[in-house]
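What follows is a single structure, and I will ask about it in a moment.
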Amino acid sequence: MSNIFEMDNVTFAHHPTMPNVLDGFSIAVEEGSRTAILGANGAGKTTMFYTLAGVYKPQSGEVLFRGEPLDYSRDGLTRVRSEVAVVLQNPDEQMFCSLVEEDVAFGPLNLGIDRDEIETRIDKALRDVRMTEYRRSPLQQLSGGQRKRVAIAGALAVNPSVMIMDEPTAGLDPQASMEVLELAEKLHLQGVTVLISTHDIDLAYTWADSVNVLRNGKKVFSGTSEEFYSNQEEVHLCGLLSPSTFNMNREISALRGVPESPYPHNVSEFLSKFGKAGAGRVFCVACPEDRVCDIYDEAVREAGSGARIGVYGSDTRYGLSGKKIDYYFDGIDSCFTEAVLGRDSVLFYDPVYDPLIKERAGALKEFGSDIVLEEVR
């Protein structure tokens, strides 16, 4: 694929008398990719995002969007921002309205979207972030975590080609953080390029195709997570730590005298590599919104009374509210773990995640598990 963004030898400082925040910085972001931006506080991650979106104009170097130099005229920046949505670390910096629904509608209104379509987008975006019941609430009455969810909903409502999220899980509870990961996966499957900066190294390790690491305004690494975390000296110089799954894989591989590769990224892969891999069945149910509840009873009956039940995706989770669910979050890995342990499970999910489930099941074979996926329609 081609690069959607490129930064070539970019230098930026907030004032001529101040140090450079970006210092000869270069990066290429492939269209449709899942990219994690890592680095300690002050490394330049947020400034990089502002520069990509055209908020900051570099003193030297060049920023390219779809192969063309960024146009800093009003029309040029409007074009970029019609495709690029940014969720800032502090949601208060991007909220301009008094009510939740007004703030979510702000971006689409500025793009001239039809009002009926905007209403549909507000409903969908708020449901994706579990904020539907707060639609008419004043923003100042919400907690910091709730305002973060509203900020994400506002970005989703634009239907962007590029989603940039600066520390999207900061201030969120664990369940909301898992939902952010689901949303990032959904956007990727819909063809959206997703960039996330985060201090949650375990999240980045689970999710990203590639990582770019910043230190003192320079890019010091670009590639796979495994390559970066294998260089412990560089990891520590960048103010980071290795993910827990990476560390456990390294230590247990050494104890057993086996290669570190392949590298597990989640529980089911880890158990497949170091445990006794079973071949349980996962009954997969892609749930259309109009008959989520109808299909529930049929699938559970087919799987049997002992099967655990997992959910993945906001639409299905919303549709199955009130039903018996064992794994409300991280349903894919939870159900796959059941299968690795030789037990059956039922996985209900939004249809958009179907390719992800097949991809994750295929990846398990590399670790010695050949779980059985059975589609229920």
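The values are calculated or read from the model by the stated rules, or taken from the named source; none is laboratory data. Computed from a prediction, not measured in an experiment: that's the story for all the values here. With ideal geometry, Cβ positions are generated from the backbone for all residues, glycine too; neighbour counts draw on all protein chains shown. Ligands, DNA and RNA are stripped out before the accessible areas are found, and what is left, the full protein with its side chains, is counted by its heavy atoms. Shrake-Rupley method; radii C 1.70, N 1.55, O 1.52, S 1.80 Å.
For region 95-201, just say rounded, prolate or oblate: build the C-alpha gyration tensor, square-root its eigenvalues into a ≥ b ≥ c, call rounded for a/c under 1.5, and beyond that prolate if a/b exceeds b/c, oblate if not.
Oblate, since a/c reaches 1.5 and b/c is not below a/b.
With a probe of 1.4 Å, find how much accessible area region 229-343 has per residue, and write the answer as a whole number in Å².
For region 229-343, the per-residue accessible area is 47 Å².
Measure off, as a whole percent, the carbon and sulfur share of the 1.4 Å-probe accessible area of the chain, all protein chains present.
For the chain, the apolar C and S fraction of the accessible surface comes to 49 percent.
Among the trypsin sites (Lys or Arg not before Pro) within region 188-280, which fall in a DSSP loop and have no more than 15 other Cβ atoms within 10 Å of their own Cβ?
Counting only loop positions with at most 15 other Cβ atoms within 10 Å, the trypsin sites (Lys or Arg not before Pro) in region 188-280 are Lys276.
What is the list of residues in region 216-239 whose amide nitrogen lies under 20 Å from a point 7 angstrom out from the Cα of Asp23, following Cα to Cβ?
So the set is 216-222, 234-239.
Mind checking region 282-337 for trypsin sites (Lys or Arg not before Pro) that DSSP puts in a loop (not H, G, I, E or B) and that have at most 12 other Cβ atoms within 10 Å?
The qualifying sites are Lys324.
Here's something else I'd like to know. Apply the Karplus curve 6.51 cos²θ - 1.76 cosθ + 1.60, θ = phi - 60°, to the phi angles in region 77-91 and return the couplings in whole Hz, x for Gly and Pro.
Here the 3J(HN,Hα) series is 6, 4, 4, 4, 6, 6, 10, 10, 10, 10, 10, 7, 4, 9, x Hz.
Per-residue HN-Hα couplings for region 114-123, Karplus 6.51 cos²θ - 1.76 cosθ + 1.60 at θ = phi - 60°, whole Hz, x for Gly and Pro?
Once rounded to whole Hz, the list reads 4, 4, 4, 5, 4, 4, 4, 5, 4, 4.
While we're on this one: Averaged per residue, what accessible surface does region 92-209 expose to a 1.4 Å probe, in Å²?
40 Å²
For the chain, give the share of DSSP beta bridges that are antiparallel, in percent and rounded to the nearest 5; count only bridges with both residues there.
DSSP beta bridges in the chain are roughly 35 percent antiparallel.
Please report how far the C-alpha centroid of region 205-253 lies from that of region 271-345, rounded to the nearest whole angstrom.
32 Å
When the Karplus curve 6.51 cos²θ - 1.76 cosθ + 1.60 is applied with θ = phi - 60°, which whole-Hz ³J(HN,Hα) does each residue of region 203-214 get, with x for Gly and Pro?
Taking θ as phi minus 60°, the curve returns 4, 4, 5, 6, 9, 6, 6, 8, 10, 10, 10, 10 Hz for region 203-214.
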